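*Asks:* Structure provided below as structure tokens; questions to follow.
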Amino acid sequence: MNKIQATQNLNKVVTQIEGARLRVSDHHIVKLIAVSKYSNTKDIETLYNVGQRAYGENKVQDLKEKMTALDELPLEWHFIGHLQKNKINNLIDAKPTLMHSLDSLELAYELNKKLLSKNATMKCLLQINSANEESKTGFNEEEAYEAYNSILNECSAIKLIGVMSIGAHSKERAEIKKSFLVTKKIYEQVKPLGARYCSMGMSSDFELAIECGSNMIRVGSSLFK
């Protein structure tokens, strides 16, 4: 990907974000995370040079390798994949800006235990399975608030600052919208507990996600092509 292509890709996505954002409110701010899992460090550097600062990886090893290779750039790194318990220490050592996928109480307790042993903290988002799909991990609508509250009270090393979900796996816009609205409803419930981010929306559906209240989107293929 050359600089011209990177500029065009970023400008197109930013224009789409602006349109969707303004349909919500002049004051609605949306943070863009560039999902770099299928790209190399050269492409990330090219996109950085045209203005993109935050990047997301969903494998701990890839995250560490790219963070190390691009250490001289002031990038913000997000972990957005499912975290296996045997990779927790590696993720803690990588020190991501934000971990998006806290998808069970079991994982939260294990992560907290290991953070405490390393005298570290980590900012996280609670993953919501908003369409109750068996193929996805995360908390369903009925258990999300209680789980959020439990982690806040019982896991002092985890700094919960919001929720994350993936839109319903469907071609029906109404189904996807319904799943986004479930996550937004949970976000509103946990806002008084300090939640700042409602992370939902990817390349195929981020405009709809923003219109449903998302303030953080994860976009890969639209940026790296």
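*Asks:* Quick check on the stretch 91-98. Is at least one of its residues in a helix (DSSP H, G or I) and among the basic types (K, R)?
*Replies:* No, the stretch 91-98 has no match at all.
*Asks:* Which residues, taken from the stretch 177-220, are among the hydroxyl-bearing types (S, T, Y) and either crowded, with 23+ Cβ neighbours inside 10 Å or in contact with a helix residue (DSSP H, G or I) (Cβ under 6 Å, 6 or more places away or on another chain) (or both)?
*Replies:* S179, T183, Y187, S199, S214
*Asks:* For H28, work out the one condition from (1) under 17 Å from the mean Cα position of the chain (by Cα); (2) touching a residue at least 60 places away in the same chain (Cβ under 8 Å) it doesn't fulfil.
*Replies:* Result: H28 passes all but (1).
*Asks:* Condition test on N153, is it under 20 Å from E110 (Cβ atoms), open to solvent by less than 80 Å² (accessible area, probe 1.4 Å) and of a type in the set (S, T, N, Q)?
*Replies:* It is false that N153 is under 20 Å from E110 (Cβ atoms), open to solvent by less than 80 Å² (accessible area, probe 1.4 Å) and of a type in the set (S, T, N, Q).
*Asks:* I've got another one for you. Could you list, in sequence order, the residues of the stretch 115-136 that are farther than 19 Å from C212 by Cα and surrounded by fewer than 17 Cβ atoms within 10 Å (Cβ to Cβ)?
*Replies:* L116, S117, K118, N119, A120, T121, E133, E134, S135
*Asks:* Could I ask something else about it? Got at least one residue in the stretch 125-142 being farther than 27 Å from H169 by Cβ, at pLDDT 95 or above and of a type in the set (D, E)?
*Replies:* no
*Asks:* In addition: Among the candidates N11, N49, N90, which residue alone is modelled with pLDDT of 95 or more, out of contact with any Gly (no Cβ under 8 Å at 6 or more places or on another chain) and closer than 22 Å to A120 by Cβ?
*Replies:* One residue alone meets the criteria, N90.
*Asks:* Just to be sure I understand, how many residues within the stretch 49-66 are free of Cβ contacts under 8 Å to residues at least 40 places away in the same chain, assigned to a helix (DSSP H, G or I) and either in contact with a Cys (Cβ under 9 Å, 6 or more places away or on another chain) or open to solvent by 40 Å² or more (accessible area, probe 1.4 Å) (or both)?
*Replies:* Of the residues in that region, 4 qualify.
*Asks:* Does I29 qualify as being among the hydrophobic types (A, V, I, L, M, F, W, C), over 16 Å from T97 (Cα atoms), outside any helix (DSSP H, G or I) and open to solvent by 60 Å² or more (accessible area, probe 1.4 Å)?
*Replies:* Spelling it out, I29 is indeed among the hydrophobic types (A, V, I, L, M, F, W, C), over 16 Å from T97 (Cα atoms), outside any helix (DSSP H, G or I) and open to solvent by 60 Å² or more (accessible area, probe 1.4 Å).
*Asks:* When N140 is evaluated against the numbered criteria (1) surrounded by 14 or more Cβ atoms within 10 Å (Cβ to Cβ); (2) touching a residue at least 24 places away in the same chain (Cβ under 8 Å), which criterion, by number, is the only one it fails?
*Replies:* It is condition (2) that N140 fails.
*Asks:* Have a look at L125, L83, L115, L107 and point out the one that is assigned to a helix (DSSP H, G or I) and either of a type in the set (D, E, K, R) or in contact with a strand residue (DSSP E or B) (Cβ under 7 Å, 6 or more places away or on another chain) (or both).
*Replies:* L115
The values are calculated or read from the model by the stated rules, or taken from the named source; none is laboratory data. Please read all numbers here as calculations on a predicted model, not as lab measurements. Quick reminder, even Gly has a Cβ in these numbers, built from the backbone with ideal geometry, and neighbours come from all protein chains shown. Ligands, DNA and RNA are stripped out before the accessible areas are found, and what is left, the full protein with its side chains, is counted by its heavy atoms. Shrake-Rupley method; radii C 1.70, N 1.55, O 1.52, S 1.80 Å.
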